[in-house]
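What follows is a set of notes on a single structure, which appears directly below.
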Amino acid sequence: MTYQELYIYANQKLKEALCDQDSVPYEVRCLISDILGIRHYDFPALRTQSPDKDDESRFIMAVERRAAGVPLQYITGRQIFMGREYDVGEGVLIPRDDTEVAVRACMSALGKNDCPKLIDLCSGSGIIPITLAGDYPRADITALELYDEAFCFLQKNIAAHHAANVKPLQADVFSAYNRFEDGCFDLIVSNPPYIRSDELSNLQTEVQCEPRSALDGGDDGLTFYRAIAELWLDKLRSGGTVVLEIGEEQAQAVSRLLMMNNIVNITVLKDIQDLDRVIIGTKK
Ligand SMILES: C[S@@+](CC[C@H](N)C(=O)[O-])C[C@H]1O[C@@H](n2cnc3c(N)ncnc32)[C@H](O)[C@@H]1O
């Protein structure tokens, strides 16, 4: 097949398969550039030529996987967050733009404290600690993640971004608090799993390809917030900050958990869609 025929094939296949028709031209361009290695502006000159058979098969397989609902980022193996590119793949949550609200909240809480000690609980690909390390190269940052596949991506991304001040820690958020002294952190941040277990089967196909362990927040969606509030907030120094990404209907419940555990000045921040997205508070 020529490049032009492959282009037409991919457009048709994805138009038939994807709900979001507006994203089809963009996705086809990404697949052509990532799988066939052809940049957008080189394409017109190559239309009538053909790739070798291996590249053609890899491209067709990528289009078929995408049509079957595999997220584009798992096929291309990358996602951009706040200007940096991260390796992603099956086994790790694909970074979402909304998490920028949590990262910006951390930055404004840290302000000019240029060597803070902080921990990111449930780090996944590492977007939160790696972005913070970029702005705070002298910070002492721990990135905690339990699951093997996600932890591999975390390590890979830390190395790729030369974030030498981010220490990856493979551990369970429900027990690892024991390893840290009370009052040792200036900031605790987390974007934990927060979807109610009974909602998981209603999520769109692409999200269902992501690891359940990254999404499932237990019966009421609050299991991880309860653990963070009850087990980790003693590790925050007086005057220190907690920043939690939340689901759009969780602000009240999570605020209550924080209040019950010595957190004051609680503020809810919205995302671009005007939905509650982040809670920030200060340790008494
Ligand atoms: C919602 S994802 C967030 C990932 C990343 N922080 C981000 O914002 O893209 C939650 C992460 O928590 C991890 N996780 C789930 N259970 C955990 C546990 N018990 N201890 C530590 N990490 C856990 C998952 O593997 C997943 O990477």
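Nothing in this text is a laboratory measurement; each read-out follows from the coordinates by a stated rule. Predicted model, so just to flag it, every value in this text is computed and none were measured. A quick note on method: Cβ atoms are made from the backbone with ideal geometry, for glycine too, and the neighbour counts reach across all protein chains shown.
Within the range 143-168, track down each residue that is away from the ligand (no atom under 12 Å from the Cβ) and under 17 Å from Val103 (Cβ atoms). Before you say what the answer is, go through the steps one by one.
First, the residues of the range 143-168 that are away from the ligand (no atom under 12 Å from the Cβ): 155-156, 158-167.
Matches in the range 143-168: Ile158, His161, Ala163, Asn165, Val166.
Taking the criterion of being more than 14 Å from the ligand (Cβ to nearest atom) and hydrophobic (A, V, I, L, M, F, W, C), the residues of the range 181-199 that qualify are Cys184, Phe185, Leu187. Can you say whether Ile130 is in contact with a His (Cβ under 8 Å, 6 or more places away or on another chain) and either in a helix (DSSP H, G or I) or touching a residue at least 60 places away in the same chain (Cβ under 8 Å) (or both), as far as the supplied structure shows? Judged against the criteria, Ile130 is a match. Looking across Gln79, Gln49, one residue alone is away from the ligand (no atom under 13 Å from the Cβ) and polar (S, T, N, Q). It is Gln49.
For the list (1) near the ligand (Cβ under 9 Å from one of its atoms); (2) crowded, with 18+ Cβ neighbours inside 10 Å, I need the number of the one condition that Asp172 fails. Condition not satisfied by Asp172: (2).
Criterion first (more than 16 Å from the ligand (Cβ to nearest atom) and closer than 30 Å to Val243 by Cα) does Ser108 satisfy it? In short, yes.
Of all residues in the range 208-230 being within 11 Å of the ligand (Cβ to nearest atom) and outside any loop (DSSP other than H, G, I, E, B), which is surrounded by the fewest Cβ atoms within 10 Å (Cβ to Cβ)? Steps first, answer last, please.
Of the residues in the range 208-230, the ones within 11 Å of the ligand (Cβ to nearest atom) are 210-218, 223-224, 227-228.
If we keep only those that are outside any loop (DSSP other than H, G, I, E, B) too, we end up with 212-214, 216, 223-224, 227-228.
Details: Arg212: 11, Ser213: 14, Ala214: 21, Asp216: 18, Thr223: 19, Phe224: 21, Ala227: 20, Ile228: 25.
Filtering first and then ranking leaves Arg212.
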